[in-house]
Amino acid sequence: ETGVTQTPRHLVMGMTNKKSLKCEQHLGHNAMYWYKQSAKKPLELMFVYSLEERVENNSVPSRFSPECPNSSHLFLHLHTLQPEDSALYLCASSQDFGLASYEQYFGPGTRLTVT
Amino acid sequence: GQSLEQPSEVTAVEGAIVQINCTYQTSGFYGLSWYQQHDGGAPTFLSYNGLDGLEETGRFSSFLSRSDSYGYLLLQELQMKDSASYFCAVREDDSWGKFQFGAGTQVVVTP
């Protein structure tokens, strides 16, 4: 148990559906991240938030839309996805962006399958 | 281009020692971290090197040589529960948490 929870754990959606992934951290951290993990590939950083403000959008397609209503919650809204978007989506948090905050705490991920 | 290279798979027997190498080529360098991920689980932090040298945490040690753009994770006294994927990650900036990850090394521990 890392203190970061994600729901749902598994999601199957059609290309025309709209769904949302939810992440919640119980650690009092100020920074939150979305990563995409595909088989045999490095984790891809998608979005970074600091104190509810988006810091980075790493050239992610607009069919992925993040939302951070407060420092404990992070959402990833999905619409009109493609089959190649099937992957494990991981949420992470860190204390802040200081160099001493080198440890990221990951949630268990949402396994997304786009049909 | 920017990348982190690590072996895709390593197999070893219980009680053995395994070294997972990681070479990196990134736009910036502010430290090398290691994570463990069991099948179906969350990546969990193992170790961090901000400066050259060896860091020891129980059975696991991590080493960094910034001049060689190289580091490794050493797993000693292997146990079956150490079967997992291990990722190296480089922090590329000092202003926000931009980390670049390797593709991971699958460690298989056999009896």
Quiz item: Within the P(r) computed for chain B, what percentage of the Cα pairs occupies the region above 19 Å?
Solution: 40
Quiz item: Over the Cα atoms of the protein assembly as shown, how large are the radius of gyration and the largest Cα-Cα distance (Dmax), in Å?
Solution: 17.4, 52
Exercise. Just the number, please: percent antiparallel of the DSSP beta bridges in chain A, rounded to the nearest 5.
Key: 90
Quiz item: So which aspartates and glutamates can A:LYS40 reach, going by Cα to Cα under 16 Å and dropping same-chain residues fewer than 8 places off?
Solution: A:GLU84, A:ASP85, B:GLU5, B:GLU9, B:ASP39
Self-check item: Cα centre as origin, Lys/Arg/Asp/Glu Cβ charges: the stretch A:15-115 dipole, Debye
Solution: 460
Practice problem: Run the dipole for the stretch B:1-96 about the Cα centre, Lys and Arg Cβ at +1, Asp and Glu Cβ at -1, nothing else charged, and hand back the magnitude in debye, nearest 20. | Solution: 60
Quiz item: At B:GLU56 and A:SER101, where each label point lies 7 Å from the Cα along Cα→Cβ, what is the point-to-point distance in nanometres?
Solution: 3.2
Exercise. Would you mind ranking A:MET46, B:MET80 by Cβ crowding within 10 Å, fewest neighbours first?
Key: B:MET80, A:MET46
Quiz item: B:ILE17 to A:GLU1: FRET efficiency via 1/(1 + (r/R0)^6), r the Cβ-Cβ distance, R0 30 Å, to the nearest 0.05?
Solution: 0.55
Quiz item: Roughly what would the spin-label model give for A:THR115 and B:ASP94, points 7 Å off Cα along C-beta, in nm?
Solution: 5.2
Quiz item: Once the Cβ-Cβ distance between B:VAL108 and A:LYS41 is put in as r, and R0 is 22 Å, what FRET efficiency do you end up with, to the nearest 0.05?
Solution: 0.65
Exercise. Check the cysteines of chain A one by one and keep only those with no other cysteine Cβ under 4.7 Å from their own.
Key: A:CYS68
Quiz item: Among the GluC sites (Glu not before Pro) within the stretch A:30-108, which fall in a DSSP loop and have no more than 16 other Cβ atoms within 10 Å of their own Cβ?
Solution: A:GLU52, A:GLU103
Practice problem: Would you mind getting me the FRET efficiency between B:TYR70 and A:ASN57? Use the beta-carbon distance for r and R0 = 35 Å, nearest 0.05. | Solution: 0.65
Quiz item: Taking neighbour counts of Cβ atoms within 10 Å as a proxy for exposure, in what order, fewest first, do A:LYS41, A:LYS22, A:LYS36, B:LYS81 appear?
Solution: B:LYS81, A:LYS41, A:LYS22, A:LYS36
Quiz item: With charges set only on the Cβ (+1 for Lys and Arg, -1 for Asp and Glu), what does the dipole of the stretch A:15-73 come to about its Cα centre, in debye to the nearest 20?
Solution: 420
Quiz item: In sequence order, what are the phi-derived ³J(HN,Hα) couplings for the stretch A:31-36 according to the Karplus relation 6.51 cos²θ - 1.76 cosθ + 1.60 with θ = phi - 60°, rounded to whole Hz, with x for glycine and proline?
Solution: 10, 9, 9, 10, 10, 10
Self-check item: Unit charges at the beta carbon, dipole of chain B: most positive-side option, B:THR11, B:GLN79, B:GLY97
Solution: B:GLY97
Self-check item: Local electrostatic count, B:GLN100, Cβ distance below 15 Å [Lys/Arg +1, Asp/Glu -1]
Solution: -2
Practice problem: Between the alpha-carbon centers of the stretch B:45-111 and the stretch A:30-71, tell me the distance in whole angstrom. | Solution: 23
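Since every read-out is calculated from the coordinates, none of them should be taken as a lab result. Quantities reported herein were computed from a predicted structural model and do not represent experimental measurements. Quick reminder, even Gly has a Cβ in these numbers, built from the backbone with ideal geometry, and neighbours come from all protein chains shown.
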